[in-house]
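Q: First the structure, which I've put down as structure tokens, then a few questions once you've had a look.
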Amino acid sequence: MSRVLVIGGYGGFGARLSRRLLAAGHAVLVGGRSADKARQFCEGHPRAESVVIDRCGELAGRLRELRPDIVIDAAGPFQNSSYAVAQASIEAGAHYLDLADARGFVCGIGALDEPARAAGVAVISGASTVPALSSAVVLHLARGLSQVEKVEMALSAATHSTASASVAGAVLSYLGQEIPAPHRGGGPTFGWQSLRWCTYRIPGIRPLNRFTAMVDVPDYQLLPDLIPGKPDIEFRAGTDVSLHMIALWLASWPVRWGWLRTPERFSDELVKLQRRTAIGRGERSAMSVRLTGLDAASRVDLNWTIIAEDSDGPEIPTIAAALLADDLEAGRFEPGARTAAGLLSLERFEAAFAPLAMHHHTEASYRTRILEPAALGAA
């Protein structure tokens with residue numbers, strides 16, 4: 001199996017990804033700035049090796065020393081980040097993956113296409129919930145449709161999986177900022193505004209009710225080219241603590257009005273506040289994708305929902321990277337740089353959900369939009 005370096009491999013998402021890669025048989029280098037944390041993680045995993053590596057330091061030489069087949073950046077944050085890790089991977093002759101969901105970072109990865117091709121390696125950005133899973137769900141729902149009119153997505157994560165400096169930095173990077181999004185009419189969209197109460201339902205499972213708000217994701221830019229119809233796209237997200245959502249909504253207004261600039265500098269304070277005020281937090285996460293479109297004779301509403309129990313929600317962002325690592329080892333991708341949008345099928349994700357405490361369900365409703373003349377009879 002491949003030799004995989006996971007930068008941030010002992011962190012919140014990185015540790016889950018490292019365990020997933022180890023279970024698949026890969027030899028995993030668990031990397032980060034803390035030798036102690038890396039070593040502690042590796043003590044219970046025979047095929048794991050702890051290494052010290054700083055994604056903000058000198059990387060190319062260090063990667064040549066470590067000789068990984070695949071480098072996975074699970075550290076972040078990716079908002080306002082450079083492509084230093086990906087470029088160092090290319091120089092070292094290693095394939096590259098990341099768990100990025102920052103719109104500019106993911107959508108701009110094509111800038112590395114030429115050097116990646118020249119080095120004979122694959123570079124893939126966005127191997128996470130968005131856009132890897134979100135695009136897989138949308139493409140699955142859009143099968144057989146002649147036109148997609150609207151895509152609405154809503155993600156709600158448990159607080160214990162989001163209380164980190166990198167996540168907080170990402171949240172604050174577009175707080176109160178206008179989000180360029182494809183809409184037919186209507187006003188502009190701003191980060192962490194348009195607060196809405198969302199309900200996630202699956203038959204036989206206790207529903208989940210959460211606040212969500214508008215967030216910036218790569219899907220706004222990537223999905224219109226994957227499905228017919230150039231649809232309206234809306235993406236919402238939130239946590240399981242209503243107080244946190246209301247606080248973000250309130251904080252977004254001073255930013256929108258220009259009174260508060262660069263709020264991301266408060267990411268450490270946000271994490272501390274988040275942990276101290278996590279009143280009513282739970283162990284459940286959820287995501288829904290609703291698609292409205294047209295087939296030959298009907299207007300179709302399709303809704304896919306997943307609810308994760310028992311704190312298994314944070315496993316979801318790691319699944320795409322693990323699947324793509326298997327694909328890279330098998331040589332399924334030509335050299336070059338690309339996003340993870342459309343690279344994986346929903347069926348592969350759902351197979352990975354099976355051993356976890358997760359429930360997923362798809363509902364469809366149809367409304368006739370064309371009446372054949374014969375159906376009208378004498379009228």
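Where a number appears in this text, it was derived from the coordinates with a stated rule and is not lab data. The shown structure was predicted, so the numbers you read here are calculated from the model rather than taken from an experiment. Using ideal geometry, Cβ is built from the backbone for each residue, glycine included, and neighbour counts are taken over all protein chains shown.
Q: Counting only residues 5 or more places away or on other chains, whose amide H sits under 5 Å from the amide H of residue 260 once H atoms are built in the peptide plane?
A: Amide H neighbours of residue 260, under 5 Å, 5+ apart: 255.
Q: Just tell me which lysines come within less than 23 Å, Cα to Cα, of residue 37; anything on the same chain fewer than 8 places away is out.
A: Candidates past the 8-residue exclusion: 272.
Q: Only helices at least 20 Å long along their axis, Cα-based, and averaging -0.5 or more on Kyte-Doolittle count here, so list those DSSP H runs from the chain.
A: Counting only whole DSSP H runs, the qualifying helices are 242-256, 316-329.
Q: Also, I was wondering about something else. When a footprinting reagent is the concern and you count Cβ atoms within 10 Å, what order do 366, 200 take, fewest first?
A: In increasing order of surrounding Cβ atoms, one gets 366, 200.
Q: Calculated from DSSP H runs of 4 or more alone, at -39500 (n - 2.57) each and per residue, what is the 222 nm mean residue ellipticity of the chain, nearest 500? Walk me through the numbers before you get to the answer.
A: Numbers: 14 runs with 119 residues, N = 379.
Here the helix-only value at 222 nm equals -8500 deg cm²/dmol.
Q: Report, ordered by chain and residue number, the lysines lying within cross-link reach of residue 230, taken as a straight Cα distance under 16 Å and ignoring same-chain residues fewer than 8 apart.
A: Within the straight-line cut-off, residue 230 pairs with 150.
Q: Please compute the net charge surrounding residue 56, taking Lys and Arg as +1 and Asp and Glu as -1 over other residues with Cβ under 15 Å from its Cβ.
A: Local charge sum for residue 56: -1.
Q: Given 0.36 nm per residue, what is the gain on full extension from residue 206 to residue 117 after removing their alpha carbon distance, in nm?
A: Extending this stretch completely gives an extra 27.2 nm.
Q: Same structure again: With +1 assigned to the C-beta of every Lys and Arg and -1 to the C-beta of every Asp and Glu, and no other charges, what is the dipole magnitude of the chain about the Cα centre in debye, to the nearest 20?
A: About 720 debye.
Q: May I ask for the net charge around residue 204, where only other residues with Cβ less than 14 Å from the Cβ of residue 204 are counted and Lys, Arg are +1 while Asp, Glu are -1?
A: On the way: positive: 201, 206; negative: 309, 363.
Charge balance near residue 204 sits at 0.
Q: Return P(r) of the chain (all Cα-Cα pairs; 20 Å bins starting at 0; whole %; ordered from short to long distances).
A: Distribution as computed: 28, 58, 13, 1, 0 percent.
Q: Order the peptides 83-90, 46-53 from the highest to the lowest mean number of other Cβ atoms within 10 Å of their residues. Numbers along the way, then the final one.
A: Values: 83-90: 22.9, 46-53: 17.9.
Sorting 83-90, 46-53 by mean packing, highest first, produces 83-90, 46-53.
Q: Count charges around residue 357 for me, please; just the other residues with Cβ under 15 Å from its Cβ, Lys/Arg as +1, Asp/Glu as -1.
A: Local charge sum for residue 357: -3.
Q: Here's another thing I want to ask about it. Normalised by the residues of region 193-276, what does the relative contact order come to in percent, with Cα pairs under 8 Å and at least six apart?
A: About 24 percent, as a whole number.
Q: For region 187-227, what relative contact order do you get, as a whole percent, if you take Cα pairs closer than 8 Å and at least 6 residues apart?
A: Numbers: 38 pairs, mean separation 16.1, N = 41.
Relative contact order of region 187-227: 39 percent.
Q: Here is a further query. Counting other Cβ atoms within 10 Å of each Cβ, which trypsin sites (Lys or Arg not before Pro) in region 113-175 have at most 14 and sit in a DSSP loop? Don't skip to the answer; put the middle values down first.
A: Values: sites: 117, 143, 150; in loops: 143.
When the trypsin sites (Lys or Arg not before Pro) of region 113-175 are filtered for loop state and at most 14 Cβ neighbours within 10 Å, 143 remain.
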